[in-house]
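The values are calculated or read from the model by the stated rules, or taken from the named source; none is laboratory data. Since the structure is predicted, the reported quantities are computational estimates derived from the model, not experimental observations. We place every Cβ from the backbone using ideal geometry, glycine too, and count neighbours over all the protein chains shown. Keep in mind that these areas ignore ligands, DNA and RNA; they rest on the heavy atoms of the full protein, side chains included. Shrake-Rupley method; radii C 1.70, N 1.55, O 1.52, S 1.80 Å.
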Amino acid sequence: LVHGKKFRHQLISNQDFIHVTDFGAGSKVFTSDKRQVSKITKHAGISEKRARLIMKLTHYFNFKNTLEIGTSVGLGTSAIALGNANMRITTLEGCHETANVAKSMFDE
């Protein structure tokens, strides 16, 4: 798992396009299902400020297990993992291509 700012930087540097299947309310930013990973990261990913908050909360509460619904490209998952390295994380993403981006980051 790539950590912290390096994780975000690698995603922002990723110029690949993927076809996104949107199961939610739809995007107010994107008009097409073909989206660039860097733009997904900038517009749909959590901010660095929120990532730090998630890290602090997971560290403070010392959860043993967590369920994340809506992985996207994995920024939130990374923050959860950094907050508590001993926690078991189950994360779900409905869009296969978006999940593959996150999985490739988690495998590094």
query: Excluding ligands, DNA and RNA, what is the solvent-accessible area per residue of the range 53-108 at a probe of 1.4 Å, expressed in Å²?
result: 61
- line: Of 38-45, 50-57, ordering from highest average Cβ density within 10 Å down gives 38-45, 50-57
- request: Beta carbons within 10 angstrom, averaged per residue: use that to sort the peptides 76-85, 97-106, highest first.
  value: 76-85, 97-106
- prompt: What is the spin-label model distance, in nm, from residue 60 to residue 32 if the labels are put 7 Å beyond Cα along the C-beta direction?
  reply: 4.3
statement: Pseudo-spin-label distance residue 25 to residue 90, built 7 Å along Cα→Cβ, given in nm, is 2.7
query: To the nearest 10 degrees, how steep is helix 48-61 against the longest Cα principal axis of the chain, on a 0 to 90 scale?
result: 30
field: Estimated D of the chain in µm² per second, where Rh is the Kirkwood radius over Cα pairs and Stokes-Einstein applies at 4 °C, 1.567 mPa s
entry: 92
- prompt: Leaving out ligands, DNA and RNA, what percent of the accessible area of the chain is carbon and sulfur, probe 1.4 Å?
  reply: 54
- prompt: Which percent, to the nearest 5, of DSSP beta bridges fully inside the range 1-107 are antiparallel?
  reply: 40
